[in-house]
Structure formats: structure tokens, C-alpha cells
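Down below is the structure, laid out as C-alpha cells.
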Amino acid sequence: MADIRVQRLNDTQFRVEIHEGASRTIHTVTASSDDLKRYGAAVQPETLIEKSFEFLLEREPKESILRAFDLPVIEQYFPDYPNAIRLGLAQQ
């Protein structure tokens with residue numbers, strides 16, 4: 001299982017490090033306040049970002065995840081993201 005570390009850089013940007021074994025990747029995610037409300041209104045933004053990366057890692061290796069992207073981009077690649085992330089967050 002990957003170790004996902006999320007650091008809030010400012011109101012809209014997050015730095016995400018994914019560690020698996022001896023390798024790691026670093027990503028920058030931008031999430032507006034509207035994005036945060038849409039996908040995870042009831043949770044801390046860092047939790048939403050972490051769960052979003054868990055979602056991505058279930059579908060692709062860390063090396064395939066874009067290095068910088070806006071949170072809604074996930075939905076463009078994976079149309080089931082909004083429902084899956086809300087369901088996943090509700091079950092925690």
C-alpha cells in the first residue's frame with residue numbers, strides 16, 4: 001500500500017507525495033473552494049485530496065498520475081469519480 005502525504009500549500013494548492021517502497025512521486029493539486037464543496041463538503045480538504053489519490057491509485061500506478069492538475073480533471077479521466085469519492089468519504 002502506498003503512503004500518501006498531503007501538505008496544504010495555500011487556500012487552493014496541495015502538495016502530494018506518494019511513497020511506495022524506495023520510490024516516490026510528487027504532485028501538485030489545485031482545488032477551488034467550489035471543488036472542495038462539490039466533492040467533499042463534509043471533510044477536511046486534506047482528507048479529500050488523500051482519498052482522491054487513493055481512488056487514482058486503485059486505477060493506475062503513481063507514475064501515471066499527472067504531476068500537476070486541478071481536482072476536477074480526475075472526473076474527465078474517470079467519470080465515476082464524483083460518486084465514488086462521495087461514497088468513500090461517507091463510509092469513513
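The values are calculated or read from the model by the stated rules, or taken from the named source; none is laboratory data. Note that the coordinates shown come from a computational prediction; the quantities given were computed from them, not determined experimentally. Virtual Cβ from ideal backbone geometry, glycine too; neighbours counted across all protein chains shown.
A few notes on this one:
- Scan of region 44-65 for residues that are among the hydroxyl-bearing types (Ser, Thr, Tyr) and surrounded by fewer than 17 Cβ atoms within 10 Å (Cβ to Cβ), ordered by number: Thr47, Ser64
- For first residues located in region 1-25 and touching a residue at least 40 places away in the same chain (Cβ under 8 Å), partners that are crowded, with 16+ Cβ neighbours inside 10 Å and of a type in the set (Ser, Thr, Tyr) and lie 6+ apart or on another chain with Cβ distances below 9 Å form the pairs Ile18/Thr25.
- Tally of residues being among the small types (Gly, Ala, Ser) and in a loop (DSSP other than H, G, I, E, B) across region 11-53: 6
- Residue that is surrounded by the most Cβ atoms within 10 Å (Cβ to Cβ) [pool: residues in region 26-43 that are without any contact (Cβ under 8 Å) to a residue 40 or more places away in the chain and polar (S, T, N, Q)]: Ser32
- If the condition is being under 10 Å from the mean Cα position of the chain (by Cα) and small (Gly, Ala, Ser), then region 18-72 contributes Ala31, Ser52.
- Just so you know, in region 10-25 the residues that are on the phi < 0 side of the Ramachandran plot and surrounded by fewer than 12 Cβ atoms within 10 Å (Cβ to Cβ) include one that is modelled with the highest pLDDT, and it is Asn10.
- Test: residue in region 66-85 that is touching a residue at least 12 places away in the same chain (Cβ under 8 Å), exposed (fewer than 14 other Cβ atoms within 10 Å of the Cβ) and part of a helix (DSSP H, G or I): no
- Count of region 54-65 residues which are more than 12 Å from Ala84 (Cα to Cα), without any contact (Cβ under 8 Å) to a residue 60 or more places away in the chain and not in a loop (DSSP other than H, G, I, E, B): 3
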